[in-house]
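One structure below.
Where a number appears in this text, it was derived from the coordinates with a stated rule and is not lab data. Small disclaimer: the values here were computed from a predicted structure and weren't measured. Counting neighbours? That spans all protein chains shown, and the Cβs are built from the backbone with ideal geometry, glycine included.
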Amino acid sequence: MRILIISDIHSNYEALEEVLGEKHDMIIFSGDAVDYGPDPDKVLERLMEINPKSVMGNHDAANAFNIDCRCSEEFHDLSIYTRNYYKNKLNKNHIDYLANLPYFINFEIENYRFTAVHGSLEDYLYDYVRPDISEEALIKKFKFTESDFVIFGHTHLPFVRKIGKTTYINPGSLGQPRDFDNRMSYAILDLNDVKVEIRRKRYDFEKTMNKIRDMDMDRKYKDILMSLIKNGGYREGNNL
């Protein structure tokens, strides 16, 4: 069994299509299909078609329930702007899909136990579990789970750590990496030899950037979005 693990697509259809070419038997998606990128509707249509094991992210909840996404201060205004800008692209089926995503899931595959959530089990949608977290704090964030694999996202920063019998996996962001590496980030879990690998792969980011460039949106937000896609992060003054 070869499992493709993805998170934080953020309306980047090109990245999603590229990663689906990776050999896999099933997909686990740890949330945030929408906001920021230019194709929330196409991403949601594709997700509904492939039907991965999925959980709700904070941006999914913001679109589904018209609530604040409570994301980082640095990108909060951008998230509000893009959510409003793309609102008319989402129909009732899209909203219903987002609204019906679970906050977390527990399941088994080949006698291995899995937990998936966007943030943590202390705060399903909004908790940032970063790579520099201590072992003690990491165990606590997931309520001393007995799962073999714990999958989460939200930070856009990939890492894998094994503590005791449990392997914690954040695949990073598929559609909007923020570690200044613009290649999409995802994970492959091969249950045949119980091996996890974070992978980085190039996709047609120029196509995504061109879609944003052609949109009639505020230049300030357009520049930030294009910088995020081109540079894998944003610093004021980045050259596009």
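What the Cβ-Cβ distance of ARG202 and ILE95 gives, at R0 = 30 Å and to the nearest 0.05, is a FRET efficiency of 0.40.
Remark: for residue pairs LYS42/LYS211; LYS53/LYS143; LYS42/LYS143; LYS141/LYS165, the C-alpha separation exceeds 25 Å in LYS42/LYS143.
How would the stretch 120-240 be classified by its alpha-carbon gyration tensor: rounded, prolate or oblate, with rounded meaning a/c under 1.5 and the a/b versus b/c comparison settling the rest? Prolate. Which Cα, out of ASN51, TYR186, TYR103, lies furthest along the positive dipole direction of the chain (beta carbon charges, K/R +1, D/E -1)? Going by the charge dipole, the pick is TYR186. The overall shape of the stretch 73-144 is oblate: from the C-alpha gyration tensor, with semi-axes ordered a ≥ b ≥ c, the ratio a/c is 1.5 or greater and a/b is no larger than b/c. With respect to the chain, whose longest principal axis is taken over its alpha-carbon atoms, helix 219-231 is tilted by about 40°.
Principal-axis analysis of the Cα atoms of the chain puts helix 40-50 at an angle of about 30° to the longest axis. Extension gain, MET215-LYS165: 0.36 nm per intervening residue step, less the Cα-Cα distance, totals 13.2 nm. Relative protection proxy for 88-99, 21-32, 51-62, from highest mean packing down: 51-62, 21-32, 88-99 (other beta-carbon atoms within 10 angstrom).
Rounded to the nearest whole Hz, the Karplus-based 3J(HN,Hα) values (6.51 cos²θ - 1.76 cosθ + 1.60, θ = phi - 60°) of the stretch 188-203 follow the sequence 10, 10, 9, 6, 5, 10, 6, 10, 10, 9, 7, 10, 10, 9, 6, 9, with x at glycine and proline.
The fraction of all Cα pairs in the stretch 2-231 landing in successive 5 Å bins from 0 to the largest distance is 1, 7, 16, 21, 21, 17, 10, 5, 2, 1, 0, given as whole percents.
Angle of helix 73-85 to the longest C-alpha principal axis of the chain, folded into 0 to 90 degrees and rounded to 10: 60°. Annotation: extensible slack from TYR128 through ASN106 equals 5.9 nm (criterion: 0.36 nm per residue apart, minus Cα-Cα distance). The charge dipole of the chain, taken about the Cα centre with unit charges on the Cβ atoms of Lys, Arg (+1) and Asp, Glu (-1), comes to about 260 debye, rounded to the nearest 20. Rounded to the nearest 20, the size of the Cβ-charge dipole of the stretch 118-222 about its Cα centre is 400 debye, with Lys and Arg at +1 and Asp and Glu at -1. Model label points for ARG70 and ASP25, set 7 angstrom from Cα along the Cα-to-Cβ axis, are 3.7 nm apart.
If one computes the Cα centroid of the stretch 184-208 and of the stretch 53-122, what distance in Å separates the two points? Here the two parts' Cα centres lie 21 Å apart. If you sort the three axes of the alpha carbon gyration tensor as a ≥ b ≥ c, you get a/c of 1.5 or more for the stretch 17-140 and a/b no higher than b/c, which makes it oblate.
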